């Protein structure tokens, strides 16, 4: 067994181990909930709420590892080089091509979360979707960056360097604020939920690596979202070069 095959095997074993760990935690938490007396006393209700939130976190964690296991594949040198180049250069390219007068907002996520977003047609707060906070967003709000702060999205939420490249990179959704108030909120790295099935013009682009193009185009097509808005990182840079500010925010 060569080194790459062994590393892939180790990663698969790690994900399976984590899935088992959270499955056991879920069972234990469910048992504790079922053992709680059906009473409305404040302490019991507080305990119930804590257990319910803990259970939701465990379920989310298991789901994450299940999805990572599903998307696990051998890493490829061409993909690694592309991802490293975007990690190092993409934010600077965006800053050169945009300004604060163009209110583009950037929301990054893993590839499996991108699939869920496309299927639902909405980028929404984790509190609204899951009942738990997974970032600093609160109910009705999502975490975003501007062209000035996009490095935060690239460094922490694009999935470009995650899991030693054994998973496909994630996606960056480029969206527009609903109104001036929403645009101002974006400067604080928050804005309102974006339903781009109801407001398709608010979705500017879905950006990812060449490896992901076919799957994302398939997901968007299946869910009646304009697949012409799917770009590679390089493709989005070229798109920005060809557009005027008025065309971007039409």
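Each value in this text was obtained by applying a stated rule to the coordinates, not by laboratory testing. Just so it is clear, the model here is predicted, and its values are computed rather than measured. Neighbour counts run over all protein chains shown; Cβ positions are idealised from the backbone, glycine included.
List of remarks:
- Percent RCO, i.e. relative contact order, over the stretch 3-71, from Cα pairs under 8 Å lying at least 6 residues apart: 50
- Angle of helix 213-222 to the longest C-alpha principal axis of the chain, folded into 0 to 90 degrees and rounded to 10: 70°.
- Working from Cα pairs under 8 Å separated by at least six residues, relative contact order for the chain is 19 percent.
- Rounded D (µm²/s) - the stretch 3-71, Kirkwood Rh over Cα pairs, Stokes-Einstein at 20 °C, 1.002 mPa s: 157
- C-alpha long axis of helix 42-71 to longest principal axis of the chain, angle in °: 50
- Per residue of the chain, the DSSP helices (runs of n ≥ 4 H) give a summed -39500 (n - 2.57) that works out to -17500 deg cm²/dmol at 222 nm.
- Residues 27, 246, sorted so that the one with the fewest Cβ neighbours within 10 Å comes first: 246, 27
- Share, in percent, of DSSP beta bridges within the chain that are antiparallel, nearest 5: 85
- Equivalent ellipsoid semi-axes - Cα gyration tensor, the chain, angstrom: 34, 26, 15
- Helix 233-242 and the longest principal axis of the Cα set of the chain meet at an angle near 40°.
- Fewest neighbouring Cβ atoms within 10 Å first, the residues 22, 233 line up as 22, 233.
- Packing-based ranking, highest mean first, of 1-11, 160-170 given that Cβ atoms within 10 Å are counted: 160-170, 1-11
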